Every structure is written in C-alpha cells, then in structure tokens.
Amino acid sequence: MSPVGLLYSEVEDDLRASVRALLADRSPWNAVLARCETDQPYDAALWKALAADLGSASLAIPEKFGGAGASWREAAVVAEEVGRAVAPVPFLTSSVVATAAVLAIGEAAGEAGELLDRLAAGRATVVLAVPFSCAPDEAFPESARADELGRLSGTVTSVADASVADLLLVPAMTESGPALFAVEAEAEGLKRDGATCLDLTRPLADLAFAGVAGVAGVAGRQLAAGDAAVAALSHALRVGAAVLASEQLGIAEACLELSVGYLKTRYQFGRLIGSYQGLKHRAADLWASVAQARAVARYAAACVADDDPDAPVAAALAQAYCSGVAVRAAEECVQFHGGIGFTWEHPAHLYLKRAKSASIAFGTASRHRAALGRLVDLPAA
Amino acid sequence: MSLLERIKALLEEHDPAGTPRTDFLRARFDAGLAWVHFPVGLGGLDAPREQQRIVDEALAAAGAPDNDPYRIGIGLGMAAPTILAHGTDEQRRRFLRPLWTGEEVWCQLFSEPGAGSDLAGLATKAVRADGSDEGSDWIVTGQKVWTSMAHEARWAILIARTDPSVPKHKGLTYFVCDMTDPGVEVRPLRQLTGEAEFNEVFLTGVRIPDAHRLGPVGAGWAVAQTTLMNERVAIGGGAQPREGGVIGMVAQAWRERPELRTAAAHDALLDLWVQAEAARLTATRLRQQLAAGQPGPEGSAAKLAFARLNQEISGFEVDLLGEEGLRYDDWSSDRWTTDRPTTVDFAGRGAGYRYLRAKGNSIEGGTSEILRNIIAERVLGLPPEIRVDKDVPWKDLAQ
C-alpha cells in the first residue's frame, strides 16, 4: 500500500477556519435549535453563504467542469465543521453525494452538462433520491420505475434533505434495467411529504412519483442507464459514507469539547467533577477514540479523493468505526452533563440525534463490517 | 562530505564481508553513522533523525552487520538519550560507544515491589560511603523488580533515594550501576506465561563511584523524565502493514479453518479487525505528524489502544480455537532458567501464550489507568489527582 497522507494541509486549515467562522457567526447551536422548532429547519441564507459564497459546493468538482478543483479531502474538512455545528444545511447530500453521482456520470460521458455547472456555482441543491440508510453495496433500488417515455412512478422513502432540493436524482428501473433520472423538485406529479424524524437537523421526506413526466428541460431526463447508472449510484454512496465519517468526527469533537468544558466548571461534593477518575478516565478514553476516528476519517477521505483501489475498504472501515465513536461521544456528552444534558435547552440532544441517525446513514456499522468481510477475505460462517 | 559519501567511505575502509562484527560496528560509530541525530564524536553527525533510515538501509543492503537493536533496546531507547541529555562529557565518551555496539548491555533499575505506578515513592537508598563528603562513593541498598536483561547486563540506569527527609520527588538521584558489583544479585522473575523475561534485582551494599552519578544529587526525578518519555515513544509506535499485529494471526486462522467459523464470531472478528485497522492508521498518522515536525499527544492514545486490542484479540483467538484453546504450547522450566526469552515472541508462540502475555501490555511502560490520568490532565486539562503525599517528607509517608 502506498503511504496515504493523513494530515491536514495549510489550505485545509484555512478552509476550516473560514467555515468555522461562518457557522459560528450564522448558526450557533441555539439558533439551530430555535430553527428546528419552526417549519423551516433549513437556513437558506446560510446554505447560500456556505455553498456559493465560500465555494464549498464546488470543492470536489474539477476546474474543467467549472469547480474549484480541490478534492473530497477538502470537502471532508467542510463536513467536519458542519458536523461540529450540527448545521442544518444539505452539504453532505448535495455537495457530496449528488455531486459524486453527477461527476461519475459526467466523467463517463466526457462532458459535464448544465447540471454540474449549477452544482459548481452553488446555484442548485441536488439530492439523490434513495433512503438515507441505503448502503453502497445494496442492490439497485426498485421502488421507483420509469416507463418508455421516462415517466416515473412509485415511491422513495426517507430521503435526506429532499424537501429543500431543487432537483432530484432518481434511481429507477426501466424496461431495459437500472437508470438514473433527473427530476425537478417542483415537477408535476411529484409529492414530497416531510417525515417526523429522530434527527431534527437533517429532515427526511418521503417521495411519491405519479407519472412524473419526461418533458423538456432536465425534468425526467435519463442521465445514465445500465452499468453506468449502477456504478454512479454505488460510487456516490461510497463517497457519502467516506465523507460522512468526517462529519461524525466533527460531531464527536464537539461533544468531547462540550463535555470537557463542563467537567472543568461543574462542582459537586466540593470538587470539580473532572477531578474524579470515574469521569476523567472516560473522557480520556473518548479523546483516544476521537484521535483514532480522525485517522480513519482522513484515510477514507484521502482514498476517495485519490480514487485509491482501497477506497471501498476505507469507506466501509470509516463507517464501521466513526459511526460508533460519534454516537458514544454524544451519549457520553449527555451523561457527563447529568440532568442539564437531558434537557431540551442543552445542545447535547441535537448531537445525539444527529449522531444516532448518521450511524444508520449509508448503512449501519454492522452492515459495513459484513461488507469488509467480503472485501478483505474474511468470509462469513 | 555527504551522508552517502560517508557510508561509501565506511564500506570501502571496512568491507563488511572481511571485518569482524564488533570492529565494523565500532568503525560505524566512529564514522558518525550509528545514530545520525547524536552529536559529532558520539556516533552521530548532528543530522536530522529521519536520515537514519537512509544509513540503515544502505548498510543493510551492503550486507553489514547491525547492532541487534532488539537485544539492546533498553540501552538504545532509554539509557542512551538520558546519558546524552544529562551525562558529563566523560560519561558520554565512556558509555555510549560500547552501548551502541552492543558490547555492553544495559538494563533499567527503576520499579520496586513498593513503587510501581508511584515510581517516585521508591525506597532503595544510596548513602555516601564516607558520611557526607562530596565526591565520595555511594553505597546502595534495596530491591528492584521487572528488570529485563539484568541477567545479561553490564550496566544499569538506577534511581535511588539519597534524601528521605524531603518530599518524595526531591530526594532522588540517578546513577549508573555496575551490574558486576558483588552486591548485585539477579534472580529470574517467573511470570504468568511460565517464562522469565524479567528479573528481581537485590542490591546489598553496592558501591557506585560519584563519577557514575547522572545529574545533580536530588535531581533524579527530572533526569528520569528523559528516560520515561523515551520509553513511551518506544512502545506502541512502530510501522505496521495491515493485519501486521496479532489480528493477522487470527485472520489467518479464520481463513484457513472454515470449521471454526460461526455467525457471531464473524461479526466479533470484523469488529476487532476494524479496531486494529483504526489503531494502525492512528499510529501511521502519528508518525506522519512526527515527520512533519508536529509531535502530538496521540502517542498515549496509541499505547492505550494497543494494550486493549491485543488483549481483546488474543482472548477472541483462544475462544475461536475451541478445543485447541484448552492447550498451551510450552510450560517447560527452561523458559525461566536456561533458555530465557530476550524479546516478546507473539508470532512464534501459541494463542494461549499471546492471551497471557497481552495481559502485561496494559501494565508495562505505564498502566492504562496512569495513561488515562496523563491524557486527562495534560491533554484535556482536567484537574490533577489529589496528591496527599506531595509535600510530606518521604520518611513520614505510609509505606
């Protein structure tokens, strides 16, 4: 195996500082919480600032396609900060997963098309219409179908960020096999029902397609078919799994910092509670797990950035490991804070809900362990 | 002269094929190619540490002998950096060359039966032979334990209490102890694996000249920090390929023996595989940080993870083997008498040995509990342990 760089570059440090400053200014946790209680959980202005003004949406898009020509490595740094701030923005779904799908199709076709232009400019929010729990190694979904005119019917449930999408990428079965379609979110015959979700900061929606027509423009346009569609879908989900690990790292870091901050200020029995080994040792273990999650998440981001042959292993490893670290960090954050950590007015629950939901996103840890068994030749019983 | 020119000159003047091993190693030391980051004249070139790899690879390729670094690990990893940092010019000149060539093996006389994690509480005492005269010899009496290589060592680094009337950290002094002194008695310490890697060392009226004191009287704790910091770097930081550790042995058994597989064991194995790979990538990242001049505290995380994982994986392996897990490869007595191991042989021994030996990983080189204290206090900035003995004269402490 070639040595893969696992450190942050200076460019990445600068990018992180910009994103962190923006999120701290525009999306502190109490603003996130207040927004979650309205019917507008997304912050459209913040998303525009992050995607278009800061250019986060175009990081992984090559310059020849109008992007910034950076890579998934830099996108992963943005994901860390989005996780750290539990920010209600469709960065992972649009700028990572859907962008990876469109890029895969564009690279195969040798041209970018109008869709990639809009993504690169941060002008369109695009979402891949699969359940958020869909894993990279799952069979091509068959819950949506397309007729010979490209008219879609059927349903897709639990699609993350679908309610704010301008455009949906819909995997659907056709007479001749799997295909990927682009559908305008406002297309006639498409119904988007917001679901009531465990995670308040990344809403899901159920989609129902009732003969959504393949009319002029991009609506209902078939982007890819056959093996190209299957490959684009699994590639996009794999990049999503790899970059989600960085978001999970950000969640875990934020939970550790919140916890340590509290352990240093809360007195009980006349002592700072952080002086008790029962707590300080757990904090030390958590710190060690976060340090490991950082190495694993960096490795996954680097592998998908470089199209490394080890990318499938790296992405499965990242979800098998970082999912659990983020959940444990959030659970410990609640417990370290005691009663206040169990209240609505404390940010711990925002992290807990996002971490727990993220651990199911793109497949659970146990599903990724099973995938690793196949990838590294450790066969099942 | 460039590094490569120095290597070439050494090889030309001392053909490895025709030069006795010790002569070659001495010549290599004198050419500054022993440890290039050491000073000129002491086996080094004042060069960056990462250039050592170039020397090692070039000389290995030329068929040159090495100094058997595993056998003399304590000398190289702990005694040498301490002597370099705190020794006099005379001490450096006397000790470093035969230490590096392996002509003189070193051991470490730190831990005691009554001073494990609380090393600073140690009781071995050193007193001046002629009362309080400056410059006179020291007489050392006490008991040390967990001493690897004491039975082969020529010298030891030793901490002893020179002033019991002050708080524990302040009354210590650091010495170089002659292991051939008639007052030194070394006994093998048989451990739960059945073998004896370690020794107990009884010191009875051992005479140490004042010239073998390392650092000022009473400064032993500060000097020891150099040794202990280097010990933590030495444990758990090595480069490993994927499946390079104990996990590789379990994975091999899984692949070769389908009859052992169950569904529950499959998920458990993959969970351990994931953790082992995470630990490996963390160690890789740590090395990249060091190479980039950004040393971080992640080394203690690596050591914690290494200990826990080795224990979990080796325990899983014994379970997986079923009936075979009931057996043990070797309890024979010569493993602690005549044929004692000089390194920990995880790969060459059975699963039962790995399971038992791994129990030491969370104790040796700093227990996992002490490591968690260190991380919590020095990395996370949490309140320090309450130390009731900090300001009390050592002689007044409960022993």
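The values are calculated or read from the model by the stated rules, or taken from the named source; none is laboratory data. Keep in mind it's a predicted model, so treat the numbers as computed, not measured. Don't worry about glycine lacking a Cβ; one is built from the backbone with ideal geometry, like all the others, and counts go over all protein chains shown.
Report, ordered by the first and then the second residue, all pairs with beta carbons closer than 9 Å, sequence separation of six or more or different chains, a first member in segment A:302-315 that is within 17 Å of A:LEU7 (Cβ to Cβ), and a second member that is of a type in the set (Asp, Glu). Between residues of segment A:302-315 that are within 17 Å of A:LEU7 (Cβ to Cβ) and residues that are of a type in the set (Asp, Glu), the close pairs are A:ALA302/A:ASP308; A:CYS303/A:ASP310; A:ALA305/A:GLU74; A:ALA314/A:ASP308. Mind listing just one residue for me: the one in segment A:291-309 that is within 9 Å of chain B (Cβ to nearest Cβ) and not basic (Lys, Arg) and, of those, farthest from A:ALA329 (Cα to Cα)? So, considering only residues that are within 9 Å of chain B (Cβ to nearest Cβ) and not basic (Lys, Arg), the one farthest from A:ALA329 (Cα to Cα) is A:TYR299.
Of all the residues in segment B:287-325, those that are more than 9 Å from chain A (Cβ to nearest Cβ) and either surrounded by fewer than 16 Cβ atoms within 10 Å (Cβ to Cβ) or farther than 20 Å from A:LEU286 by Cβ (or both) number 19.
Taken over segment B:349-399, the criterion of being under 27 Å from the mean Cα position of the chain (by Cα), more than 30 Å from B:PHE316 (Cα to Cα) and not basic (Lys, Arg) is satisfied by B:GLU377, B:VAL379, B:LEU380, B:PRO384, B:GLU385. Among the residues examined, B:ASP163 qualifies as surrounded by 18 or more Cβ atoms within 10 Å (Cβ to Cβ), of a type in the set (D, E, K, R) and over 30 Å from B:LEU356 (Cα atoms). Residues in segment B:14-37 that are more than 27 Å from B:ALA85 (Cα to Cα) and in contact with a helix residue (DSSP H, G or I) (Cβ under 7 Å, 6 or more places away or on another chain): B:HIS14, B:PRO16. Each residue in segment B:348-399 was checked for being in contact (Cβ under 8 Å) with a residue 24 or more places away in the chain and of a type in the set (Asp, Glu), and 4 pass. For segment B:144-203, the set of residues classified as without any contact (Cβ under 8 Å) to a residue 40 or more places away in the chain, part of a strand (DSSP E or B), more than 22 Å from B:ARG335 (Cα to Cα) and not acidic (Asp, Glu) consists of B:VAL184 only.
Any idea which residue in segment A:359-376 is nearest to the chain's Cα centre (by Cα), counting only those that are assigned to a loop (DSSP other than H, G, I, E, B) and not aliphatic (A, V, I, L, M)? Among residues in segment A:359-376 that are assigned to a loop (DSSP other than H, G, I, E, B) and not aliphatic (A, V, I, L, M), the one nearest to the chain's Cα centre (by Cα) is A:PHE362.
Of all the criteria given as (1) more than 7 Å from chain B (Cβ to nearest Cβ); (2) of a type outside the set (A, V, I, L, M); (3) in a helix (DSSP H, G or I), the one not satisfied by A:TRP287 is (1).
Listed by first and then second residue, the pairs with beta-carbon distance under 8 Å, at least 6 apart or on different chains, first residue in segment A:1-13 and under 15 Å from A:ASP307 (Cα atoms), second exposed (fewer than 12 other Cβ atoms within 10 Å of the Cβ) and at pLDDT 90 or above, are A:MET1/B:PRO241. A search for C-beta distances below 7 Å between a residue of segment A:142-162 that is over 17 Å from A:ALA185 (Cβ atoms) and any residue that is in a helix (DSSP H, G or I) and basic (Lys, Arg), counting only pairs 6+ apart in sequence or on different chains, returns nothing.
Tell me, yes or no, whether segment B:375-398 has at least one residue that is buried (at least 19 other Cβ atoms within 10 Å of the Cβ), within 14 Å of another protein chain (Cβ to nearest Cβ) and modelled with pLDDT under 95. Taking every residue of segment B:375-398 in turn, at least one turns out to be buried (at least 19 other Cβ atoms within 10 Å of the Cβ), within 14 Å of another protein chain (Cβ to nearest Cβ) and modelled with pLDDT under 95. Pairs needed: first member in segment A:32-60, more than 15 Å from A:SER94 (Cα to Cα); second member anywhere, aromatic (Phe, Trp, Tyr); C-beta distance under 9 Å; at least 6 residues apart or different chains. Here the result reads A:LEU33/A:TRP344; A:ARG35/A:TYR42, each pair linking segment A:32-60 to a residue that is aromatic (Phe, Trp, Tyr).
Given the structure, is B:TRP221 over 25 Å from the mean Cα position of the chain (by Cα), among the aromatic types (Phe, Trp, Tyr) and either more than 20 Å from B:SER111 (Cα to Cα) or more than 14 Å from chain A (Cβ to nearest Cβ) (or both)? So B:TRP221 fails the test. Condition (residue is in contact with a Gly (Cβ under 8 Å, 6 or more places away or on another chain), crowded, with 21+ Cβ neighbours inside 10 Å and farther than 23 Å from B:ASN373 by Cα) applied to segment A:301-322: is it met by at least one residue? Looking through segment A:301-322, at least one residue is in contact with a Gly (Cβ under 8 Å, 6 or more places away or on another chain), crowded, with 21+ Cβ neighbours inside 10 Å and farther than 23 Å from B:ASN373 by Cα. Looking across segment A:196-210 at every residue that is farther than 16 Å from A:LEU152 by Cβ and out of contact with any Gly (no Cβ under 7 Å at 6 or more places or on another chain), the one that is surrounded by the fewest Cβ atoms within 10 Å (Cβ to Cβ) is identified as A:THR196. Among the residues of segment A:138-187, the one identified as among the basic types (Lys, Arg) and part of a strand (DSSP E or B) is A:ARG145.
Rundown of residues vs (1) within 23 Å of A:ALA179 (Cα to Cα); (2) over 17 Å from the mean Cα position of the chain (by Cα), yes/no style:
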| position | (1), (2) |
| --- | --- |
| A:GLY55 | no, yes |
| A:SER71 | no, no |
| A:VAL86 | no, no |
| A:LEU92 | yes, no |
| A:VAL102 | yes, no |
| A:GLU114 | yes, yes |
| A:ASP117 | yes, yes |
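Is at least one residue of segment B:256-278 crowded, with 24+ Cβ neighbours inside 10 Å, more than 8 Å from chain A (Cβ to nearest Cβ) and farther than 21 Å from B:THR367 by Cβ? Looking for residues that are crowded, with 24+ Cβ neighbours inside 10 Å, more than 8 Å from chain A (Cβ to nearest Cβ) and farther than 21 Å from B:THR367 by Cβ, one finds at least one in segment B:256-278, hence yes.
Does segment A:316-325 contain at least one residue that is more than 29 Å from A:VAL32 (Cα to Cα) and within 13 Å of another protein chain (Cβ to nearest Cβ)? Walk me through it before giving the result.
We begin by selecting, within segment A:316-325, every residue more than 29 Å from A:VAL32 (Cα to Cα); these are A:316-317.
So of that shortlist, the ones also within 13 Å of another protein chain (Cβ to nearest Cβ) come out as A:316-317.
Within segment A:316-325, one or more residues are more than 29 Å from A:VAL32 (Cα to Cα) and within 13 Å of another protein chain (Cβ to nearest Cβ).
I'd like to know if segment B:86-102 contains one or more residues that are among the hydroxyl-bearing types (Ser, Thr, Tyr), buried (at least 20 other Cβ atoms within 10 Å of the Cβ) and at pLDDT 95 or above. Scanning segment B:86-102 turns up at least one residue that is among the hydroxyl-bearing types (Ser, Thr, Tyr), buried (at least 20 other Cβ atoms within 10 Å of the Cβ) and at pLDDT 95 or above. Whether a residue is touching a strand residue (DSSP E or B) at 6+ places or on another chain (Cβ under 7 Å) and closer than 27 Å to A:ARG367 by Cβ was assessed, and A:PRO141 passes this test.
Report whether or not A:TYR351 is under 20 Å from B:LEU309 (Cα atoms), among the aromatic types (Phe, Trp, Tyr) and either part of a helix (DSSP H, G or I) or away from chain B (no Cβ under 14 Å) (or both).
Considered against the rule, which asks whether it is under 20 Å from B:LEU309 (Cα atoms), among the aromatic types (Phe, Trp, Tyr) and either part of a helix (DSSP H, G or I) or away from chain B (no Cβ under 14 Å) (or both), A:TYR351 comes out as no.
A residue that is closer than 22 Å to A:GLY69 by Cα, crowded, with 24+ Cβ neighbours inside 10 Å and of a type outside the set (S, T, N, Q) can be found somewhere in segment A:280-297.
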